[in-house]
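Let me begin by presenting the structure, written as structure tokens, before commenting on it.
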Amino acid sequence: MSKRIVFMGTPDFAVPVLNTMIVDGYNVVAVVTQPDRPKGRKRTLTPPPVKVEAEKHQIPVLQPEKIRNEYEEVLQYEPDLIVTAAFGQILPNELLEAPPFGCINVHASLLPELRGGAPIHYAIMQGKKETGITIMYMVQALDAGDILTQVKVPIEENDHVGTLHDKLSVAGAKLLSETLPSLFSKQLEPIPQDNDQATYARNIKREQERIDWNERAEVVYNHIRGLCPWPVASTTWEGKNVKIWWGEKVEQTYEAQPGQISAITDDGFIVTCGDKKGIKIVELQPAGKKKMTGEAFIRGAGNRLNVGDMLGDA
């Protein structure tokens, strides 16, 4: 008799994980995901990507507002295993202890590094050269369960959250496909995490989006790509918020203050950082306007943008 699996996930990251189990022939008896939410300027009620995918395969979908209070319907599916990937809610003990093969999570970091909800963002912002996927048993503490399997994924120099997200999503699906047969045949030896080595990647707060031009150019560059394409780094110009979608490191040094525009080129403008090196702003979005290239911004700003102008609060 095939094992009964309940899958819990919500965003795009979790879709390849769900699909892998379907393609591999596992019996996914139900999918649990977040409720539909209003989205976009018209606040259209939009289903999460995992719900859309589950309905393509005629898999029953549950959308509890709070799983800790609404878990009994999940138990009615009598799962042998619960698999989660970016579900977005903490599971109660009643679920963690019910399946004979436990509850496992596909997490986007090399645990015990970067426990929490934004491991991809922090991996890039911290300038790491590699991250990875960990499949682990779930426990009541945040991402602290025993590790079943891990795989490393390199972070390229020009990776941002979007590109790394896609790489890790595919890697997570592949690793789960490799892990499940050994899990069901009880051939895996779970490895406890070293809590002394744990670091955390909690959800990004609004104030963390702001660029600190006093930092080294390398740090500013990692900050920008670590928040692209969501929630996007920001600074201010003429007292108004400006989102900085993308920048490039400039190795030349400038005799200017951190946050000061040190040069204007045909395709962008260069802002000086704390180590006197620069970041060329090549894609940005002024408040109330659409995203645009640095060239378009310079053309629109005209005489209002000059070498010596200051950005941010530096």
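Odds and ends about this structure:
- Of the GluC sites (Glu not before Pro) in the range 226-314, those whose Cβ has at most 11 other Cβ within 10 Å and which sit in DSSP loop: GLU255
- Remark on VAL139: its backbone amide H falls under 5 Å from those of ALA144, GLY145, a criterion applied only to residues 5 or more positions apart or on other chains, H modelled at 1.01 Å from N.
- Ligands, DNA and RNA left out, the accessible area of the range 29-118 computed with a 1.4 Å probe is 47% carbon and sulfur.
- For the chain, the membrane-span-like helix rule (DSSP H, alpha carbon extent of at least 18 Å along the helix axis, mean Kyte-Doolittle at least -1.0) picks out 161-184; this says nothing about an actual membrane.
- Remark: relative contact order (the range 122-270) = 22 percent; criterion is Cα-Cα distance under 8 angstrom and separation of 6 or more residues.
- Per residue value of the accessible surface for the range 52-105 (all protein chains in place, 1.4 Å probe), Å²: 52
- Solvent-accessible heavy-atom area per residue, rounded to whole Å², over the range 107-150 at 1.4 Å: 32
- Cross-link partners for LYS249 among the lysines, with Cα-Cα distance under 16 Å and sequence neighbours closer than 8 places in the same chain left out: LYS276, LYS277, LYS280.
- Counting only protein heavy atoms and a 1.4 Å probe, the range 156-288 has 50 square angstrom of accessible area per residue.
- Answer label for Rg and Dmax of the Cα atoms in Å (calculated), chosen among (1) 19.2, 63; (2) 24.0, 81; (3) 22.5, 73: (3)
- Across the range 211-314, the relative contact order, built from alpha-carbon pairs under 8 Å that are at least six residues apart, equals 30 percent.
- Share of pairwise Cα separations in the range 128-182, more than 19 Å, in percent: 36
- What the Kirkwood sum gives for the range 103-222 is a hydrodynamic radius of 15.2 Å, with every pair of different alpha carbons counted.
- Between the C-alpha center of the range 105-131 and that of the range 253-290 there is a gap of 29 Å.
- Long-range HN-HN contacts of ASN27 with modeled amide H, under 5 Å: LYS3, ILE5
- The GluC sites (Glu not before Pro) of the range 65-99 that meet both conditions, a loop assignment by DSSP and at most 12 other Cβ atoms within 10 Å of the site Cβ, are GLU65, GLU97.
The values are calculated or read from the model by the stated rules, or taken from the named source; none is laboratory data. If you're wondering where the values come from, they're calculated on a predicted model, not measured in any experiment. Note that each Cβ is placed from the backbone with ideal geometry, even for glycine, and that neighbours are counted across all protein chains shown. Remember, those area values only see protein heavy atoms, side chains included, never the ligands or the DNA or RNA. Shrake-Rupley method; radii C 1.70, N 1.55, O 1.52, S 1.80 Å.
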